[in-house]
Amino acid sequence: MKFELIIDTESEEKVVVHAKKEGALTEEIKRLVQAASTELLGYRDNEIVRLNPNDIHCICVMENKIYALCEGSRYSLRQRLYSLEETLPECFVKINQSCLANTKQMERFDTSISGTLKIRFKNGHIDYVSRRQLKAIKERLGI
């Protein structure tokens, strides 16, 4: 296997991998590139903060605005939920129409007699899984 790194301050950053087949190494490279390229900008009062997706518990629509909920903080985002769903790492999953959840930040699951699934995040935020997303969530989490 050969490796080539070209530093060009004028061009757009991109990673190109030429491989005979997909494997563990190509998946790891893909994961690293996605993690590096999905850093988000969060807005709160007069400050702009770079948000690492691993630190975000969930991204929710509240009061017709999109917020990233982190440990004790809430940052406004300027992207749409559907575009975030496409760009965020695979650990983010849509749990209902207005929330993308980080599976690494989920703390507890509570089920009710009616079949609903309530998720409690490590930061204390609680949200519910919609009936439409329930099967996919259970498969993804191995419940």
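The values are calculated or read from the model by the stated rules, or taken from the named source; none is laboratory data. The structure displayed is predicted, hence computed values, not measured ones. Counting neighbours? That spans all protein chains shown, and the Cβs are built from the backbone with ideal geometry, glycine included.
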Kindly check whether there is at least one residue in the stretch 110-128 that is in contact with a strand residue (DSSP E or B) (Cβ under 6 Å, 6 or more places away or on another chain), in a helix (DSSP H, G or I) and closer than 23 Å to Tyr43 by Cα. no
Does the stretch 91-99 contain at least one residue that is in a loop (DSSP other than H, G, I, E, B) and either in contact with a Phe, Trp or Tyr (Cβ under 7 Å, 6 or more places away or on another chain) or at pLDDT 90 or above (or both)? yes
Filter pass, Asn102 being closer than 24 Å to Ile137 by Cα and modelled with pLDDT of 90 or more: yes
